[in-house]
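What follows is a single structure, written as structure tokens, with notes after it.
The values are calculated or read from the model by the stated rules, or taken from the named source; none is laboratory data. Source: prediction; values computed, not measured. Positions of Cβ are generated from backbone atoms using ideal geometry, with glycine treated the same way; all protein chains shown enter the neighbour counts.
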Amino acid sequence: MSYCNFVSGLAPESSSLHKIYHDQQYGFPIEDDNELFCRLILEINQAGLSWTTILNKQENFRKAYHGFNIKKVATYKEKDIERLLNDARIIRNRLKVLAAIENAKVILSIQKEFQSFRHWLNHHHPKTKEEWVKLFKQHFKFTGGEIVNEFLMSIGYLPGAHQTTCSVYTKIIQSKPAWYQTQIGKKLK
């Protein structure tokens, strides 16, 4: 089932977080590196859990990880790890916490070479899902196929976030996600 169908099938009282995410965030390009990092960490933390759980905890994650400030998270020490592992408002999984810290360090290195995480993504685009997964596994921690696919789809580098019949699809196209720009470029050749 597509996310569009899932959201449209939810009861109104239980759909607000999903509807906001579906209508305003999912599939739209993100320019800010800290927000890209945020989305990556949320996708990593979703592994093995429902997206509803992550949406319900997203503001708690933001507070616990200092607003997803990459520079700050990259400096986390053992006391920060313990603080996160004892914070019941977020997902308390050591591997996921350590992945967030290591991935922040990786992004800092990427920023030194490419000026931003966004530029690094653009530099490597376009790739197939399989090529992206291989690249992410070479650089990042806790980034399997589903995590990489959802991360890249959610930020506009892979198509499929919305069905073409979804009312949000037109807004996605207007935001010119990377996958769509590639398709237009191929049509113009």
- line: The correct count of residues that are under 24 Å from residue 170 (Cα atoms), modelled with pLDDT under 95 and of a type in the set (S, T, N, Q) in the stretch 6-46 is 3
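What's the total number of residues in the stretch 105-125 that are of a type in the set (S, T, N, Q) and either on the phi > 0 side of the Ramachandran plot or buried (at least 17 other Cβ atoms within 10 Å of the Cβ) (or both)? Give the steps one after another, and end with the answer.
Here is the first cut: in the stretch 105-125, the residues of a type in the set (S, T, N, Q) are 109, 111, 115-116, 122.
Those left that are additionally either on the phi > 0 side of the Ramachandran plot or buried (at least 17 other Cβ atoms within 10 Å of the Cβ) (or both): 111, 115.
Residues meeting the conditions: 2.
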- request: Could you tell me which of the residues 160, 145, 156, 185 is in contact with a helix residue (DSSP H, G or I) (Cβ under 6 Å, 6 or more places away or on another chain), of a type outside the set (Lys, Arg) and free of Cβ contacts under 8 Å to residues at least 12 places away in the same chain?
  value: 160
- line: Selection from the stretch 68-82 of residues in a helix (DSSP H, G or I) and surrounded by 15 or more Cβ atoms within 10 Å (Cβ to Cβ) yields 68, 70, 73, 74, 80, 81
task: Considering only residues that are polar (S, T, N, Q) and part of a helix (DSSP H, G or I), look in the stretch 130-189 and name the one that is surrounded by the most Cβ atoms within 10 Å (Cβ to Cβ).
output: 154
message: Can you say whether residue 113 is farther than 25 Å from residue 54 by Cβ and in a helix (DSSP H, G or I), as far as the supplied structure shows?
response: yes
